[in-house]
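The values are calculated or read from the model by the stated rules, or taken from the named source; none is laboratory data. Fair warning: this is a prediction, and the values are worked out from it, not measured in the lab. No Cβ is skipped: glycine too gets one built from the backbone with ideal geometry, and neighbour counts run over all protein chains shown. In case anyone asks, the SASA skips ligands and DNA or RNA and just uses the protein heavy atoms, side chains included. Shrake-Rupley method; radii C 1.70, N 1.55, O 1.52, S 1.80 Å.
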Amino acid sequence: LWAQQHIPQSVHLHYGSTMTTAYQTLERHFARLSSLSDALGILSWDKEVIMPHGAAGRRADTLATLAGLRHEILTAPAMADLLATAEAQAGTALSAWQKANLAEMRRTHTHATALPGDLVEALTQATTRSEMAWREARENSDYASFLPHLTEVLNLTRQTAAAKAQALGLSPYDALLDSFDPGTRQAHIDPIFTQLQKDLPGLIATVLEKQASLPAMQPLQGPFAIPQQEALGRRLMQRLGFDMTRGRLDVSTHPFCGGATYDVRLTTRYQEADFIPAMMGVLHETGHAMYEQGLPADWVSQPVGQAGGMTLHESQSLLIEMQVCRSRAFVEWVAPHLREAFSAPNTTTWQPENLHRHLTHVQPGFIRVDADEVTYPAHILVRYQLEKAMISGDLPLADLPAAFNDGIHTLLGLKVPNDQHGCLQDIHWPEGLFGYFPCYALGAMAAAQFRAAAYKQAPDCATAVANGDFGPLMHWLRTNVHSRASSASMPQILNDATGSPLTAEAYLTHIRRRYLDRAPDA
């Protein structure tokens, strides 16, 4: 109804004496779509953080209705007319950012019109139910109980992939990739991942051998009270520059960054025996949040003002968590703050050298979000192959746990003990986010390139971090990444900032420097 009543059938409207062009009309409609997306973002955050379990059914209906309404507005026939007219009139009438915005509007419209509205609503309902069922299944390590829900989500996701593939002229999996990382294709990913798969096992083995030759770490004795961990997390968020008047920190089963425009909400999860996972989780999600808070205010309600895909997003979180906040420079600064947070004695256990050993300790493990940066890409390589096989139909869902366990054993040499530590650990597949996982490894590669470029172009970054000052680094990121939003493609933004296309070389060089050469500022 909104679409029928508010999207004009003519492409030029008169409000009093003011002529509204097709492009201006589009901007107004996309601003309304942005508000709907914000509402969906807050309701989704609430669902994962504080919603009572008994509300899941009704929430699924509400989210599906809003997603359907957004889809209805976006795919209304008049929208296609407005886009065509605006594109025909663009020429010199639009600025570079307006042209980029129009291109993003077209891309968004193409993805939306590929799907019937009932499929959009059905998938939203299915993923909402699935996510709630996943929580219980994960806790009980019970894949069998979750299988029907995942089957429904996968069937609807495959329908989505097929419809988008036809509209975009892509393979089904490439069509899903394009939803999360515009322009990214398997043809771009495979050479990078092939190099990783070739180099990682030997590199991991060499790093472990080097690590074994070092003096043993001194254990950090807990317990670490959760209120103190939470206070530490908030302190670090603000030190990084997070604006607490436009966001918040909470707890969820799976850490994430979400919310809405000017209301960026991130979560972590705590364990009293070890403060490091929660602390690094907060730093990771703050990297995401700083990107969101750094997007250009003038374009905040328009497609061009949104983040430039999930590889860029993950590069920002991994740059902060892995590249910067596991460096010796950061640990030198944070050590006294950790002692203060946990009332720890000023002993060698809590000195920077020992703390740095903990933050850079390499040990193949089962849980992806807790993985060290050396073994982390192996987790993504496993998931990349599995989700491609699920989308193509080559992997029956009944065989997923065994296939997952085999992949982890092949790359990390581990025998997965149960499904909670295996295929049930991540929220992505329960939420239908097939095509997202590659962005984590690609983001790790991009993060290494961004950090190397930032420290070379702005040498004061490293010195400032050692003093707990993230201003110079954030200024470089704001200038070269955040402020560009979606005005250019991810490859263009990366190349402009670093002078190189995306490869694995900067990442592999970084790993060798930090873990094998033991460089002073690594």
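Taking every protein chain into account, the 1.4 Å probe leaves D517 with about 110 Å² of accessible area, to the nearest ten.
In terms of its C-alpha gyration tensor, region 33-136 comes out prolate, because a/c is 1.5 or above and the ratio a/b outweighs b/c.
The mean sequence separation of alpha-carbon pairs under 8 Å and at least six residues apart, normalised by the residue count of region 382-522, gives a relative contact order of 19 percent.
Rg of the Cα atoms in the chain, relative to 2.2 N^0.38 Å, amounts to 0.98. Among R248, R383, R185, the sequence by solvent-accessible area, most first, with a 1.4 Å probe is R248, R185, R383. Entry note, the chain: relative contact order of 18 percent, from Cα contacts under 8 Å with a spacing of 6+ residues. For region 286-379, the Kirkwood hydrodynamic radius comes to 15.6 Å, computed from all pairs of different C-alpha atoms. A Cβ-based charge dipole, computed about the Cα centre of region 56-185 with Lys and Arg at +1 and Asp and Glu at -1, lands at about 160 debye. Solvent exposure of M322, expressed as accessible area, is near 10 Å², computed with a probe of 1.4 Å over the protein chains only.
For V251, the residues whose amide H sits under 5 Å from its own are T268, ignoring neighbours fewer than 5 places away on the same chain, with H placed 1.01 Å from N. Converting phi to 3J(HN,Hα) with the Karplus coefficients 6.51, -1.76 and 1.60 and the offset θ = phi - 60°, region 101-118 yields 5, 4, 5, 5, 4, 4, 4, 4, 5, 5, 4, 5, 6, 6, 10, x, x, 5 Hz in sequence order, with x at every glycine or proline. Remark on A260: its backbone amide H falls under 5 Å from those of R265, a criterion applied only to residues 5 or more positions apart or on other chains, H modelled at 1.01 Å from N.
Given K47/K99; K415/K456; K47/K198; K210/K456; K99/K456, which pairs have Cα atoms separated by over 30 Å?
Where the Cα-Cα span goes over 30 Å, the pairs concerned are K47/K99; K415/K456; K47/K198; K99/K456.
Fully extending the segment from A488 to T194 would add 103.1 nm, taking 0.36 nm per residue of separation and subtracting the current Cα-Cα distance. Computed 3J(HN,Hα) for region 238-249, one whole-Hz value per residue from the Karplus formula 6.51 cos²θ - 1.76 cosθ + 1.60 where θ = phi - 60°, is 5, 5, 6, x, 5, 8, 5, 7, 10, x, 7, 10, glycine and proline marked x. Per-residue Karplus couplings for region 409-422, computed as 6.51 cos²θ - 1.76 cosθ + 1.60 with θ equal to phi - 60°, are listed in order as 5, 5, 8, 10, x, 10, 9, 5, x, 6, 5, 4, 8, x Hz, Gly and Pro entered as x.
Once R0 is set to 51 Å, what does the formula 1/(1 + (r/R0)^6) return for the Cβ-Cβ distance between E272 and A96, expressed as a FRET efficiency to the nearest 0.05? In this case the efficiency is close to 0.45. Dividing the mean sequence gap of close Cα pairs (under 8 Å, 6+ apart) by how many residues region 292-356 holds gives a relative contact order of 21 percent. Cα-based radius of gyration for region 411-522, normalised by 2.2 N^0.38 Å, reads 1.32. The mean accessible area for residues of region 296-434, using a 1.4 Å probe and ignoring ligands and nucleic acids, is 32 Å² per residue. Computed from point charges on the beta carbon alone (+1 for Lys and Arg, -1 for Asp and Glu), the dipole magnitude for region 188-299 about its Cα centre is near 220 Debye. For the chain, with all protein chains in place and a probe radius of 1.4 Å, 53% of the accessible heavy-atom surface sits on carbon or sulfur. Here is how the number arises for the chain: DSSP H runs of 4 or more residues each give -39500 (n - 2.57), the sum is divided by the residue count, and the result at 222 nm is -20000 deg cm²/dmol. Tell me, Kirkwood radius of region 215-292 from alpha-carbon pair distances, in Å? Over region 215-292, the inverse of the mean reciprocal pair distance is 12.9 Å. Note on E87: accessible area approximately 80 square angstrom, rounded to 10, probe 1.4 Å, nucleic acids and ligands left out.
Using only the Cα atoms of region 89-222, build the gyration tensor, take square roots of its eigenvalues as a ≥ b ≥ c, and label the shape rounded, prolate or oblate: rounded if a/c is under 1.5, else prolate if a/b is larger than b/c, else oblate. The shape class here is oblate.
The residue among L83, L102, T113 whose Cα reaches farthest toward the positive pole of the charge dipole of region 77-139, with charges on the beta-carbon of Lys, Arg, Asp and Glu, is L102. For region 173-313, what does the alpha-carbon gyration tensor say about shape, rounded, prolate or oblate, given a ≥ b ≥ c as the root eigenvalues, a/c under 1.5 as rounded, and a/b over b/c as prolate? It is oblate, given that a/c is not under 1.5 and a/b is not larger than b/c. Rounded to the nearest 20, the Cβ-based charge dipole of the chain about its Cα centre (Lys and Arg +1, Asp and Glu -1) stands at 700 debye. Just in region 252-291: which chymotrypsin sites (Phe, Trp or Tyr not before Pro) are loop by DSSP and have at most 15 other Cβ atoms within 10 Å? Passing sites in region 252-291 are Y262.
Computed from label points 7 Å out along Cα-Cβ, the spacing between R185 and T253 is 3.7 nm. So what's the gap between the Cα centers of region 71-124 and region 159-215, to the nearest angstrom? Using only Cα atoms, the two centres lie 29 Å from each other. These residues, V251, V369, go from largest to smallest accessible area, 1.4 Å probe, as V251, V369. For the chain, DSSP calls about 60 percent of its internal beta bridges antiparallel.
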